[in-house]
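Heads up, the thing below is written out as structure tokens.
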Amino acid sequence: MTISHPETVTRRPAVPPAVPAPSRGADVHPVLLRASAPPAALDLLRHAQTTLVQARHYDDPLQRYATAHLAALRTTAAVLAVRGRPEKNPRRRHAIRSAWDLLPEVAPELSEWAIYFAAGARARAAAEAGIRSAASARDADDLIRNAALYLRIVQRLLALYPEQPLPLEGATDSGA
């Protein structure tokens, strides 16, 4: 049996699957954005900014160091407010863990910052206790600068921007 009128076969042009264009920061871990940020996270970021401003205005290096570390802790609390998940294992939930221990679990891209600030936690406690050897003026300046940088990174990572971002430099309002 022969077919006298074969059906014409039309080929569909090969269309490559839609591939999203590489965007800025494509090599970074993807960030799941929420429709709206928890108000607590925005409030914590505002408090972190205010705390950094206070740290810059103190004269005592111990007070500056402790206050800058507190700003970093508030910034980390904002990350935990956005990305944190309750512990599923009820036994583990009872263990007290520091924010620096939790941060790498919820935001692996901030692991190095967690290590950096965790290393300064004892110095912060010593500074709060008034131990003069806990932090020098240089240590305080470095921590203020790094806490401001960390705050900016977290703001970009979470796409949360309080009204007025802080400058990264240690500039004062002296007008000079």
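Here, each number is a calculation from the coordinates, and none is a lab measurement. Keep in mind that this is a model prediction, so the values were computed, not measured. Backbone-built Cβ (ideal geometry, glycine too); neighbour counts: all protein chains shown.
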Completion exercise
Gyration tensor (Cα only) of the stretch 114-155 to equivalent ellipsoid, semi-axes in Å sorted down, yields 21, 12, 7
Practice task
Calculate, for Ala119 and Ala159, the FRET efficiency according to 1/(1 + (r/R0)^6) with r their C-beta to C-beta distance and R0 41 Å; round to the nearest 0.05.
Solution key: 0.90
Fill in the blank from the handout: Cβ-Cβ cut-off under 9 Å around Val106, Lys and Arg +1, Asp and Glu -1: the net charge is +1
Problem - Inter-site label distance for Val106 and Glu128 at 7 Å from Cα along Cβ, in nm - result: 2.0
Problem - Highest to lowest packing among 139-151, 52-64, 70-82, 111-123, scored as the average C-beta count within 10 Å - result: 70-82, 139-151, 52-64, 111-123
